[in-house]
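**Student:** Okay, here's the structure, questions in a sec.
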Amino acid sequence: MARSGTAVAAVLLGALALLVVAALAGVIVGTRVLSPGETLAGLLGQDGVAATVIWELRLPRTLLGLLVGSALGVAGVLAQAVTRNPLADPGLLGISAGGAVAVVAGSAFLGLGAGTPRVLLALAGAALATAAVYLFASRSPEGLTPVNMTLAGMAMTAFLGAAVSATVLLSASTMDQYRFWVVGALSLPDPAVLLPAIPPAVAGAILAVVVSGSLNALALGDDTAAALGVAVLRTRLLAGAAVVLLSGTAVALAGPIAFVGLVIPHIARALVGTDVRRVLALSAVLGPLLLVTADVVGRLVARPAEVQVGVVTALLGTPFFIWLTRRAKERSQ
Amino acid sequence: MIAAPTRTARSRNPVRSLLPRPRPRRRVVVAVLGTLLLLAVVSAVALSLGDEPTTPAALWEALHGRGPENTVYAVLEVRQPRVVLAMAVGAAFGVAGGLSQSVLRNPLASPDVLGISAGASVAVVSVIAIGSLGGPIGVVPIPVAALAGGLAAAGLIALLARGGGLRGRRILLVGIALSAALTALTQFLLTRIDVYDAQRSAAWLTGSLNARGWGEATPVLVGVAVLLPAALVLAHTNRALLFDDGVAAGWGVRPGRARAVLLLIAVCLAALATSAAGPVAFVALVSGQVARRLAAVPDIPPILAAAAGASLVLVADTIARTALPSQLPVGVLTGLVGAPYLLYLLQRRRSTRGTP
Amino acid sequence: MPRAVSASVAALALGALLLAGCSGTDESGTGDNQSNVATGQEGFEDVRKLAAQLGTDAGPGEFPRTVRNLVANEEVGETVIPAKPERVIVLDTGELDNMASLGIEPVGIAHPADVGMAPGYLDVGDAVDLGPYDALDLEQIKNLEPDLILGTSLRIDDDDLKRQLQEIAPTVLAPRPGVLWKENFLLNAAAVGEEERAQELLDAYEERAAEVGATVAEANGGEAPTVSMLRLMAGQIRLYANDSFIGIILDDAGLPRPETEDIADLAVEISAEEITLAEGDWLLWGTYGEADSTEQAAVVDGPLWDQVPAVADGGVVHEVADETWYLGLGVAGAELVLDDLEAIAADQR
């Protein structure tokens, strides 16, 4: 599967080109129908309403999609590499659910609203859920098998969901928020959340780059990695921290969006091979490509309402997940 | 990649698994009697609690239609249907869980984990959403929609997991993935309809017996009355399923068909129960396992699973309706108990491997 | 691998089907930019015809009397009320408002699951909280020994439940809240034998509405302004149209509506990008529930707000109380809406 540097560069450039097209669609297509003439005038700033819609409503939202998509794509690569689990995904492992539940509980019990508290809550919830799922899955007799991790993540999500249902069903305002939180949606970014979300996202990205080399060694097994001079535990912890930072940020900004972190790394590996550094770079481009495309699709199918991007990615991701489980089975036979 | 522990389980001790173990009848009988006794006590308590508590003497009188009009009304018209419904729903879920866990030989393979309930939920919320968006309401009754949704989900899981056999782990993962997609869809529908209806759907989605009566109980009661005996008749088949296909064939049982019939029964029961009360979380999973542990036999006696499920739902519903400040959906309580139980089962996988 | 491929195709097809199915539930939409919002079980034309059949033929204050109402979904039947009711149970906010307006204190109150027993403008007295109307405890209702139960068929949408309530006490159900608020008021009044008082109150309201409308026109320089009614809800932005509680009040006041909102429907749903469709000279907006959980920040504090005609032209832009303007479903709520309108007009002078 090893590819030459030029081939990888070509793939990366192609993906970037597609991303530019998707981002362009993100600013041109929306729930308000603009004629080509209006769109052009809006892009050039000549039509007041169209210009506001394009530059001040759709552009920030598209940028948000780029940020969240990159975070999810990279988090997925790290999660799969560190657990050697092809089914790992912040959404499926209950990490996103942890973040989301913490945000909802924070607003219901402590009255914490948008802004820095939301980001901190999401990060704390994601960290706790990660630790708990890891603990439960690793204590199970077969150890950290993909199935055990997925099941533990599912059980964790169910438990958190039940605990919060009690709150939510007794309070309509939380109910409203929760209904939108649990699906995962891009909307106009709230500046109060966007700014505090940037430091953890950047920190997660830096950590990802730092550990990517060691993760390559980890793929060969703990013993081999140790023999190669890689500090296994430290690599695991750092990569885990990066997953928490990135998926927590994504949750704070857009709610728990599943399947992006699952699907993207597999596509990236199919295109550029198994080198974690290459996969990371490509996933950082493909993640936003998928998310922005799903968002555009979601704006079109139910106008003037929108289908939340989390629903679109779940519906696109499920067939892929099922295909993956089938492929994994066939290979093991 | 994904290991296939069922294979190792089958080959673990081939000689021992070829010998049919004698079923410890006595323990099963004791367990069944004990659970039924518990059920009787809990029903008496549930019949006594309500807006105004009833004394045992007054309860006895009221059950015979004597005493103050309001007490008779409360006991016979309000509490009794709800108690019966709780038991019917619990029994249906319990049998469904026990059967699917036995047949799929996996403690986690119950209708609530596999997405049968999620399929029923999507169908029901769609019906509510169509009504709420100005379409014809009541064209498809909610129980029928739930039944169709549950069966469709089961068919889809079987189709997608095809090739891996019904016992593999693939079916679990496929079920969970399907649940995720169906839940996403349900949540989308919830965001599309009025907030009042959303609240109603949310209560339905967690599983609730609020404001339910004989109308909802009847289909479940009929289902249990028909399908439970069918499951009991197939019980010896059910036992044979624990052993290798060869043994089952030696007993004159065609394993594929028998399994399919048992699973169909399980799906129908789960969908019927869902139609009446919503997907009461984890009842099927927990009752099947509780029954297995009580009986201490490798297969799950359907009657015990039924009694365990009935007790579980009745206890949870009575607490939800009387002990808490506001009537909570019963599914919230069973979810709080069931999800940790699932985590616990994950920890103990090895000791139960190879048996349901 | 072909099996895997076929499975994926099957799953994808399912996904597409489901997605198509759920966008299909929006079929009541009129296409392009507008989709009509949930209006309930029946078309509005029918519902008005239906409401016209309800009521009583009894003389003023005469009991026992027979009241025609909905005894099953879309089935008009008769309920006999033996004597003037004294222990009334109301099953929704509209009925509560109606009883309060007639000076009757209900003994029990049911309400939507997500709000308190009653809106802030109504006093509940010693009434018992019956909880949400979709999870009624019949035992509790029976123990209150009511002699009349009032509600709407839309809220008590199960025919079995309608029958059970009739068995406990005479039950009078109107078709639906909102658009029929005046008809419902008269029906509820007929059930308690206060039809004359109710008619007086309605006449007084209508007279005052016309006056307030004139005041508003005067404040606007002599010509009645078009009024846009914007409501922000979680995940939904609506422009309320003619067949809503507020639509009826504006009509009574003789205040015209902009073209988009001048339709025989509850409301038009729009997106945040389409907020400039609120074209009225006056723009009155309210938020349901917590501002945080709605799109208020993205709309009212958003970049497009300045381009909304009323804002851009320096017209009247005013936040109104959701509790009365959109949730208020009776004559007392309507009077409060008129108070607000009058105050807004006074501000303009």
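**Student:** Consider residue C:156 against the criteria (1) surrounded by 20 or more Cβ atoms within 10 Å (Cβ to Cβ); (2) among the aliphatic types (A, V, I, L, M); (3) without any contact (Cβ under 8 Å) to a residue 40 or more places away in the chain: it satisfies all of them except one. Which criterion is unmet?
**Tutor:** Failing condition for residue C:156: (3).
**Student:** How many residues does segment A:96-109 hold that are free of Cβ contacts under 8 Å to residues at least 40 places away in the same chain and crowded, with 24+ Cβ neighbours inside 10 Å? Before the answer, list the steps.
**Tutor:** The first filter runs over segment A:96-109 and keeps only residues free of Cβ contacts under 8 Å to residues at least 40 places away in the same chain, leaving A:102, A:106.
In the following step, the residues that additionally are crowded, with 24+ Cβ neighbours inside 10 Å were identified as A:102.
Of the residues in that region, 1 qualify.
**Student:** Looking at segment C:81-187, what helices (runs of 4 or more DSSP H) fall wholly within it and have at least 2 residues that are within 30 Å of residue C:206 (Cβ to Cβ)? Before the answer, list the steps.
**Tutor:** Details: elements: C:93-101, C:138-143, C:159-168.
Filter on segment C:81-187 gives C:93-101.
**Student:** Being more than 14 Å from chain C (Cβ to nearest Cβ), within 18 Å of residue A:94 (Cα to Cα) and of a type in the set (A, V, I, L, M, F, W, C) is true for just one of A:281, A:239. Which residue is that?
**Tutor:** Details: A:281 fails: within 18 Å of residue A:94 (Cα to Cα).
When all the criteria are applied, what remains is A:239.
**Student:** How many of the residues in segment C:273-300 are among the hydroxyl-bearing types (Ser, Thr, Tyr) and not in a helix (DSSP H, G or I)?
**Tutor:** Filtering segment C:273-300 for residues among the hydroxyl-bearing types (Ser, Thr, Tyr) gives C:276, C:287-288, C:293-294.
The next check asks that each one be not in a helix (DSSP H, G or I); those that pass are C:287-288, C:294.
So the count comes out to 3.
**Student:** Before we move on, is residue C:252 free of Cβ contacts under 8 Å to residues at least 60 places away in the same chain and either in contact with a helix residue (DSSP H, G or I) (Cβ under 6 Å, 6 or more places away or on another chain) or surrounded by fewer than 23 Cβ atoms within 10 Å (Cβ to Cβ) (or both)? Talk me through it step by step, then tell me what you get.
**Tutor:** Details: free of Cβ contacts under 8 Å to residues at least 60 places away in the same chain: yes; either in contact with a helix residue (DSSP H, G or I) (Cβ under 6 Å, 6 or more places away or on another chain) or surrounded by fewer than 23 Cβ atoms within 10 Å (Cβ to Cβ) (or both): yes.
In short, yes.
**Student:** In addition: If you check residue C:69 against the conditions, is it modelled with pLDDT of 85 or more and in a helix (DSSP H, G or I)? Outline the logic, then answer.
**Tutor:** On the way: modelled with pLDDT of 85 or more: yes; in a helix (DSSP H, G or I): no.
Judged against the criteria, residue C:69 is not a match.
**Student:** Considering (1) farther than 27 Å from residue A:125 by Cα; (2) touching a Pro at 6+ places or on another chain (Cβ under 7 Å); (3) not charged (D, E, K, R), say which one residue A:247 fails and leave the rest.
**Tutor:** So the condition that residue A:247 fails would be (1).
**Student:** Still on this structure, I have one more. Exactly one condition in (1) more than 25 Å from the chain's Cα centre (by Cα); (2) closer than 22 Å to residue A:201 by Cα is false for residue A:62; which is it?
**Tutor:** (1)
**Student:** Restricting the search to segment C:83-125, which residues are aromatic (Phe, Trp, Tyr) and over 19 Å from residue C:326 (Cβ atoms)? Walk me through it before giving the result.
**Tutor:** Of the residues in segment C:83-125, the ones aromatic (Phe, Trp, Tyr) are C:121.
Answer for segment C:83-125, where residues must be aromatic (Phe, Trp, Tyr) and over 19 Å from residue C:326 (Cβ atoms): there is none.
**Student:** In the set A:250, A:294, A:270, which member is farther than 26 Å from residue A:194 by Cβ and among the small types (Gly, Ala, Ser)? I'd like the intermediate steps shown before the answer.
**Tutor:** Numbers: A:250 fails: farther than 26 Å from residue A:194 by Cβ; A:294 fails: farther than 26 Å from residue A:194 by Cβ.
Criteria check complete, one pass: A:270.
**Student:** Residues that are at pLDDT 90 or above: find the helices (runs of 4 or more DSSP H) completely inside segment A:1-93 holding 2 or more of those.
**Tutor:** On the way: elements: A:5-28, A:36-43, A:48-51, A:59-83.
Ranges flagged: A:5-28, A:59-83.
**Student:** Take residue B:316 and decide whether it is buried (at least 24 other Cβ atoms within 10 Å of the Cβ), within 15 Å of the chain's Cα centre (by Cα), more than 19 Å from residue B:109 (Cβ to Cβ) and more than 14 Å from chain A (Cβ to nearest Cβ). Can you show your working first?
**Tutor:** On the way: buried (at least 24 other Cβ atoms within 10 Å of the Cβ): yes; within 15 Å of the chain's Cα centre (by Cα): yes; more than 19 Å from residue B:109 (Cβ to Cβ): yes; more than 14 Å from chain A (Cβ to nearest Cβ): no.
So residue B:316 fails the test.
**Student:** Just the residues that are within 14 Å of chain C (Cβ to nearest Cβ) and either within 21 Å of residue C:308 (Cα to Cα) or touching a Pro at 6+ places or on another chain (Cβ under 7 Å) (or both), please, taken from segment A:62-94. Even if it seems obvious, please write down each step before you answer.
**Tutor:** So in segment A:62-94, the residues within 14 Å of chain C (Cβ to nearest Cβ) come out as A:62, A:64.
Within segment A:62-94, just A:64 meets the criteria.
**Student:** Looking at segment A:34-55, can you tell me whether even one residue there is closer than 29 Å to residue A:264 by Cα and out of contact with any helix residue (DSSP H, G or I) (no Cβ under 6 Å at 6 or more places or on another chain)?
**Tutor:** As a first pass, look at segment A:34-55 and keep what is closer than 29 Å to residue A:264 by Cα: A:54-55.
With out of contact with any helix residue (DSSP H, G or I) (no Cβ under 6 Å at 6 or more places or on another chain) added as a condition, the list becomes A:55.
Yes, segment A:34-55 has at least one match.
**Student:** Further question: Taking the condition among the hydroxyl-bearing types (Ser, Thr, Tyr), assigned to a helix (DSSP H, G or I), under 18 Å from the mean Cα position of the chain (by Cα) and at pLDDT 85 or above, does residue A:247 pass?
**Tutor:** Numbers: among the hydroxyl-bearing types (Ser, Thr, Tyr): yes; assigned to a helix (DSSP H, G or I): yes; under 18 Å from the mean Cα position of the chain (by Cα): yes; at pLDDT 85 or above: yes.
So residue A:247 fits the description; yes.
**Student:** Just for helices (runs of 4 or more DSSP H) wholly inside segment B:136-208: which have at least 1 residues that are at pLDDT below 80, charged (D, E, K, R) and at negative phi? Break it down into steps so the answer makes sense when it comes.
**Tutor:** Details: elements: B:142-160, B:170-192, B:195-206.
Here the list reads B:170-192, B:195-206.
**Student:** If I filter segment A:297-312 for residues that are modelled with pLDDT of 85 or more, away from chain C (no Cβ under 14 Å) and surrounded by fewer than 24 Cβ atoms within 10 Å (Cβ to Cβ), do I get at least one hit?
**Tutor:** Among the residues of segment A:297-312, not one is modelled with pLDDT of 85 or more, away from chain C (no Cβ under 14 Å) and surrounded by fewer than 24 Cβ atoms within 10 Å (Cβ to Cβ), which makes the answer no.
**Student:** I've got another one for you. Take segment A:256-311 and flag every residue that is touching a Lys or Arg at 6+ places or on another chain (Cβ under 6 Å) and either in a helix (DSSP H, G or I) or among the β-branched types (Val, Ile, Thr) (or both). Write out each step before concluding.
**Tutor:** Initially, segment A:256-311 is screened for residues touching a Lys or Arg at 6+ places or on another chain (Cβ under 6 Å), giving A:272-273, A:279, A:306.
Across segment A:256-311, the qualifying residues are A:272, A:279.
**Student:** Out of A:72, A:78, A:93, A:63, report the one residue that is surrounded by fewer than 24 Cβ atoms within 10 Å (Cβ to Cβ), in contact (Cβ under 8 Å) with a residue 24 or more places away in the chain and either within 30 Å of residue A:242 (Cβ to Cβ) or in contact with a strand residue (DSSP E or B) (Cβ under 9 Å, 6 or more places away or on another chain) (or both).
**Tutor:** Numbers: A:72 fails: surrounded by fewer than 24 Cβ atoms within 10 Å (Cβ to Cβ); A:78 fails: surrounded by fewer than 24 Cβ atoms within 10 Å (Cβ to Cβ); A:93 fails: surrounded by fewer than 24 Cβ atoms within 10 Å (Cβ to Cβ).
Checking each option against the conditions leaves just A:63.
The values are calculated or read from the model by the stated rules, or taken from the named source; none is laboratory data. Bear in mind the structure is a predicted one, so any value in this text is a computation, not a measurement. Note that each Cβ is placed from the backbone with ideal geometry, even for glycine, and that neighbours are counted across all protein chains shown.
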